[in-house]
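The values are calculated or read from the model by the stated rules, or taken from the named source; none is laboratory data. Owing to the predicted nature of the structure, the values given are computational and were not obtained by experimental measurement. Cβ: placed from backbone, ideal geometry, glycine included. Neighbour counts: every protein chain shown. Surface areas here come from the heavy atoms of the whole protein model, side chains and all, with no ligands, DNA or RNA. Shrake-Rupley method; radii C 1.70, N 1.55, O 1.52, S 1.80 Å.
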Amino acid sequence: MKKLAVFLSSGEPSFEIKADLEQIAHFLAEQKICMLYGGGKLGLMGYLSHKVKEYDGFVEGITVEMFHKKKYTPDYIDSVKVETNFYDRKRKLNNHADAFLILPGGIGTADEFFDVLNLASLGLITQRIIVYNKNDCWTDLLLWIDKVKNMEMLRTIPENLVIAESIDELIFSLKSYV
């Protein structure tokens, strides 16, 4: 794996996650895996990207014009691409990733998660999708996925979807995919 697309919040959650992000940053830098993300400097996005750089890792951001104009793009990342809209940004992130890591986040993160999950369920991508269910952030959405599967509105849950309930499970899953 050369590039890991990381989808996560641009906000600060009410629960502790920074120690976990530091472990992820250390792992990515140590394994020389590029962090590919939405290119922001706020919240968890900014914290993780900054930590990867602190560990001498490589960070590539793909942002959108509206955020870049507001100067939400950090100057410390190695590469920045600016897209005109969110659709193009997601397409670039999806096309350049060797795997996907879904960390806690809000609507934007859920949108990115469902986009790659949909592509996987259609057989259009085979990359691993790892969801970190820290503090049950994704539990309700995961239960809904099981529900629509049981109601036969989803044929199958993609085999490349992995749910990690702890940082140890997450790191193990990443290591097994390197």
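Go through the residues of segment 52-62 one by one and say whether even a single one is within 15 Å of Pro104 (Cα to Cα) and buried (at least 17 other Cβ atoms within 10 Å of the Cβ).
As a first pass, look at segment 52-62 and keep what is within 15 Å of Pro104 (Cα to Cα): none.
Within segment 52-62, none of the residues are within 15 Å of Pro104 (Cα to Cα) and buried (at least 17 other Cβ atoms within 10 Å of the Cβ).
Take the residues in segment 32-51 that are of a type outside the set (A, V, I, L, M, F, W, C) and assigned to a loop (DSSP other than H, G, I, E, B); name whichever of them is surrounded by the fewest Cβ atoms within 10 Å (Cβ to Cβ).
The first filter runs over segment 32-51 and keeps only residues of a type outside the set (A, V, I, L, M, F, W, C), leaving 32, 37-41, 43, 46-47, 49-51.
Adding the requirement that they be assigned to a loop (DSSP other than H, G, I, E, B) leaves 32, 38-41.
Numbers: Lys32: 12, Gly38: 25, Gly39: 26, Gly40: 23, Lys41: 20.
Looking at the filtered set, the residue picked out is Lys32.
Within segment 1-15, which residues are crowded, with 24+ Cβ neighbours inside 10 Å and outside any loop (DSSP other than H, G, I, E, B)? If you could, list the steps in order and put the result at the bottom.
The first filter runs over segment 1-15 and keeps only residues crowded, with 24+ Cβ neighbours inside 10 Å, leaving 4-8.
Leu4, Ala5, Val6, Phe7 - these are the residues of segment 1-15 that are crowded, with 24+ Cβ neighbours inside 10 Å and outside any loop (DSSP other than H, G, I, E, B).
Do any helices (runs of 4 or more DSSP H) lying entirely in segment 57-123 carry at least 3 residues that are among the charged types (D, E, K, R), and which ones are they?
Numbers: elements: 65-69, 86-96, 107-121.
In segment 57-123, 86-96, 107-121 are the helices (runs of 4 or more DSSP H) which contain 3 or more residues that are among the charged types (D, E, K, R).
Please go through segment 155-178 and give me each residue that is part of a strand (DSSP E or B) and either touching a helix residue (DSSP H, G or I) at 6+ places or on another chain (Cβ under 6 Å) or surrounded by fewer than 16 Cβ atoms within 10 Å (Cβ to Cβ) (or both), ordered by number.
Step one: filter segment 155-178 for residues part of a strand (DSSP E or B), giving 161-164.
Correct list: Val162, Ala164.
Residues that are open to solvent by 50 Å² or more (accessible area, probe 1.4 Å), at pLDDT below 95 and not basic (Lys, Arg): does segment 127-142 have at least one?
For segment 127-142, residues open to solvent by 50 Å² or more (accessible area, probe 1.4 Å), at pLDDT below 95 and not basic (Lys, Arg): absent.
In segment 16-31, which residues are part of a loop (DSSP other than H, G, I, E, B) and either among the basic types (Lys, Arg) or crowded, with 19+ Cβ neighbours inside 10 Å (or both)?
Taking segment 16-31 as the starting set, the residues that turn out to be part of a loop (DSSP other than H, G, I, E, B) are 16-17.
Within segment 16-31, just Ile17 meets the criteria.
For Glu152, which of the numbered conditions (1) out of contact with any helix residue (DSSP H, G or I) (no Cβ under 6 Å at 6 or more places or on another chain); (2) open to solvent by 50 Å² or more (accessible area, probe 1.4 Å); (3) outside any helix (DSSP H, G or I); (4) at negative phi fails to hold?
The failed condition is (4).
Of the residues in segment 2-46, how many are of a type in the set (S, T, N, Q) and closer than 22 Å to Phe67 by Cα? Quick ask: steps written out before the conclusion?
Of the residues in segment 2-46, the ones of a type in the set (S, T, N, Q) are 9-10, 14, 23, 31.
Among the residues that remain, those that are also closer than 22 Å to Phe67 by Cα are: 9-10.
Number of matching residues: 2.
Which members of segment 133-148 meet the condition of being free of Cβ contacts under 8 Å to residues at least 60 places away in the same chain and part of a helix (DSSP H, G or I)?
If the condition is that a residue be free of Cβ contacts under 8 Å to residues at least 60 places away in the same chain and part of a helix (DSSP H, G or I), then Asp136, Thr139, Asp140, Leu141, Leu142, Leu143, Trp144, Ile145, Asp146, Lys147, Val148 are the ones that fit.
Can you pull out every residue in segment 91-126 that is buried (at least 16 other Cβ atoms within 10 Å of the Cβ) and acidic (Asp, Glu)?
Asp98, Glu112, Asp115
Pairs needed: first member in segment 110-132, of a type in the set (Lys, Arg); second member anywhere, open to solvent by 20 Å² or more (accessible area, probe 1.4 Å); C-beta distance under 6 Å; at least 6 residues apart or different chains.
Listed by first residue and then by second, the contacts come to Arg128/Asn160; Arg128/Tyr177.
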